[in-house]
1. I'd like the antiparallel share, as a percent to the nearest 5, of DSSP beta bridges with both residues in segment 17-98.
2. Before I look further, what does segment 98-152 give for accessible area per residue, probe 1.4 Å, in whole square angstrom?
3. With every protein chain present, what is the per residue accessible area of segment 7-86 (1.4 Å probe, Å²)?
4. For the chain, take the longest principal axis of its alpha carbons; what is the angle in degrees between that and the long axis of helix 163-177, to the nearest 10 within 0 to 90?
5. Give me the number: length gained by fully extending ALA13 to LYS149, i.e. 0.36 nm times residue separation minus the C-alpha to C-alpha distance, one decimal in nm.
6. In a Gaussian network model over the chain where Cα atoms closer than 10 Å are linked, find which of ASN23, ASN85, ASN150 has the largest mean-square fluctuation.
7. Which whole-Hz ³J(HN,Hα) couplings does segment 48-61 yield from phi under the Karplus relation 6.51 cos²θ - 1.76 cosθ + 1.60, θ = phi - 60°, glycine and proline marked x?
8. Counting only protein heavy atoms and using a 1.4 Å probe, what share of the accessible area of segment 19-119 belongs to carbon plus sulfur, as a whole percent?
Amino acid sequence: TANDQVTLTSSGALIDGNGTTTNITAGTATLSGTAIGTSTDAIETTLATLNATSTSGSILITESNAITLGTLLALGTEADISITNTTGDMTIGTITANNQVTLTASSGAIIDGNGTTTNIIAKTTMLSGTAIGMAEDPIEIMAPNILHKNVPTEKVFIKNLDPAHLERERRTKQEGQH
């Protein structure tokens with residue numbers, strides 16, 4: 001039920017054994033393994049909140065509802081995090097991947113769930129939703145490559161905290177003052 005908490009921990013990978021049928025239904029799920037889901041079959045969930053850690057592989061989740069992403073961590077060298085929800089908003093806490101983070105809110109917005117704390121740290125971030133962040137509370141990202149698709153520009157509120165981006169921004173401002 002919605003108030004239940006599920007914790008799944010494995011010394012190996014957590015993989016989907018039933019195709020497109022929902023794997024986990026709970027209020028909160030905390031998942032941990034070498035990888036979570038596969039590139040050909042994500043873990044299907046119906047959750048309110050997700051926390052997940054993969055020690056060497058990717059985290060791949062398909063959620064059926066609005067969801068809060070608490071702490072997601074993919075530690076592998078080329079590990080990705082890919083979360084898609086089919087309905088509702090996606091509220092994000094802290095998401096860190098050594099490679100790419102892809103968040104897709106198919107029919108909702110991607111919302112900052114942790115105030116001014118960095119939301120996403122990755123090499124590349126790809127976001128898609130009806131809106132990304134809000135003017136008063138943008139999504140804070142530390143990534144050299146940030147992409148958004150299928151979102152009107154006036155509905156994209158991102159603050160890029162990547163050091164290389166900040167240095168380019170600083171130089172541009174200095175050049176404009178001369």
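1. Values: 1 of 30 bridges.
Looking only at bridges with both residues in segment 17-98, the antiparallel portion is about 5 percent.
2. Details: 2250 Å² over 55 residues.
The answer is 41 Å² per residue.
3. 41
4. 20
5. Working: separation 136, 0.36 × 136 = 48.96 nm, distance 3.05 nm.
Taking 0.36 nm per residue and subtracting the Cα distance, the gain is 45.9 nm.
6. Answer for the Gaussian network model of the chain: ASN150.
7. Each residue's phi maps through the Karplus curve to give 9, 9, 10, 10, 8, 9, 10, 7, 8, x, 8, 10, 10, 10 Hz.
8. On the way: 1820 of 3520 Å².
Of all accessible area on segment 19-119, carbon and sulfur atoms account for 52 percent.
The values are calculated or read from the model by the stated rules, or taken from the named source; none is laboratory data. Computed from a predicted structure; not experimentally measured. Because the Cβ atoms are built from the backbone with ideal geometry, glycine has one as well, and the counts that use them run over all protein chains shown. Areas reflect the complete protein model, heavy atoms only, side chains present, ligands, DNA and RNA absent. Shrake-Rupley method; radii C 1.70, N 1.55, O 1.52, S 1.80 Å.
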